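Here's the structure we're looking at; comments come further down.
Any read-out appearing in this document is the output of simple, stated calculations on the displayed coordinates, not a laboratory observation. Just so you know, these numbers come straight off a predicted model, no measurement behind them. Cβ atoms come from the backbone with ideal geometry, glycine included; neighbour counts cover every protein chain shown.
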Ligand SMILES: Nc1ncnc2c1ncn2[C@@H]1O[C@H](COP(=O)(O)OP(=O)(O)O)[C@@H](O)[C@H]1O
Ligand SMILES: [Mg+2]
């Protein structure tokens, strides 16, 4: 066994993942409690029974808007009775959803809770409107930044929507990339959220056309500072993964080469961060007009994440659908191992309907890799028979009638 394999084997003994998951008024579940093993967890059931909803709930234990990028209001359970004649929006809005979990990280056990809270925002002098925001508690203490979660748990998900990841616009690729960065750099979640916030404010001020120059300039300086930090963190991740992949077997899941395509990231090749920051400030200033004309504003909010099939030197977007899926799996496996070695704990994998589209060889290879890594992976499927090879190693759950039952082995 080489060094890397030895190190991984050591970490595998330090199990991590979600050991208890409790949902309240979350999607189709009024109340659901799962005692989970730190092992592969196979969730099966017919279409529309609530398999993906369980994975989505786990994704809310990490920063952001979860696996479906949902609006908070859509997650709250809709009670069939209320959708009938007696439908009343106020009644519905009193029913708040919550996810709570016990998370293990080596010997540590951490309680994480997340829920929505109503708050009021002032629009005009006497126009207060209520809105909802997600609050997070760690061991009972409300935290101010969701990025704190990254110290205890991280998750990587693959969903059927991601089958089109390499073909469509750059936004989903960018968020996929940024989530990979969170795992190594917990501050990155805060940075991307802050950048988005500042960008929206800047954009709106320019659109409204009544902003003071000093105000815009101060936003541009802040955006440039955070933007360069975002670019640097992304570069670091890409370099780390590419280096790691050099030592990875090039098997059924072919090796990838990763690249960033962004102006700010590229400048960091040759210029010190401080100069790139100055450049970015000037660039934003010179792009104020773009906002008025609805033209694109270049910067870290437009960076693309390029993936290549390494051996073939083929851009992922030109690969076949099956190859693209394998490349994605290859990325998340590399990230899982790299992150485990680097951070000392493994991410939780959320694999939604992933095996259905793999041939027998690839499916068995993926399940074997997951088993070997000894990590917690939540895997959904309509067909439990596909998981016969994990009979000894996995926990089998069946979803039916808005509830979950466990299969005895
Ligand atoms: N807010 C909600 N309240 C109640 N049910 C919901 C809500 N959002 C989605 N659902 C229901 O959840 C089910 C889909 O669950 P999902 O986890 O996607 O199923 P699958 O098992 O196919 O993955 C659908 O039947 C949908 O109507
Ligand atoms: Mg589903």
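As a proxy for reagent exposure, 253, 396, 60, 128 were ordered by neighbouring Cβ count within 10 angstrom, fewest first; the result is 128, 396, 253, 60. Between residue 391 and residue 212, the modelled label-to-label distance comes to 7.4 nm, taking each label 7 Å out from Cα in the direction of the beta carbon. When shorter helices are ignored and each DSSP H run of at least 4 residues is given -39500 (n - 2.57), the per-residue value for the chain at 222 nm works out to -12500 deg cm²/dmol.
Spin-label pair residue 142-residue 130: with each label point 7 Å from Cα along the Cα-Cβ axis, the two points sit 1.6 nm from one another. Over what distance in Å are the Cα centres of the stretch 27-78 and the stretch 156-223 separated? Answer, in whole Å: 25. Of 104, 338, 319, the residue with the greatest mean-square motion in the GNM of the chain, using alpha carbon springs below 10 Å, is 319.
Between 380, 321, 62, the GNM of the chain built on Cα springs shorter than 10 angstrom shows 321 fluctuating the most.
Short-range pairs are left out: with C-alpha atoms under 8 Å and at least six residues apart, the relative contact order of the stretch 167-318 is 30 percent. When 203, 29, 131, 293 are sorted by how many other C-beta atoms sit within 10 angstrom of their C-beta, beginning with the fewest, the order is 293, 131, 203, 29. Looking at the chain as a GNM with Cα springs under 10 Å, which of 106, 374, 169 has the largest mean-square fluctuation? Fluctuation is largest for 169. Residues 179, 289, arranged from fewest to most other Cβ atoms within 10 angstrom of their Cβ, appear as 289, 179. Treating r as the C-beta distance of residue 383 and residue 294 and R0 as 45 Å, the FRET efficiency rounds to 0.45.
Taking every alpha-carbon pair within the stretch 325-409, the share separated by more than 18 Å comes to 45 percent. When only alpha carbons are used to place a centre, the stretch 312-363 and the stretch 252-296 end up 27 Å from one another. Computed across the stretch 167-318, the Kirkwood hydrodynamic radius from all distinct Cα-Cα pairs reaches 16.7 Å. Stretched out straight at 0.36 nm per residue, the stretch from residue 317 to residue 273 would grow longer than its current Cα-Cα span by 12.7 nm.
Taking square-rooted eigenvalues a ≥ b ≥ c of the alpha carbon gyration tensor, is the chain rounded, prolate or oblate, where a/c under 1.5 means rounded and, failing that, a/b exceeding b/c means prolate? Oblate. Note on the chain: antiparallel DSSP beta bridges, both residues inside, total approximately 75 percent of the bridges counted.
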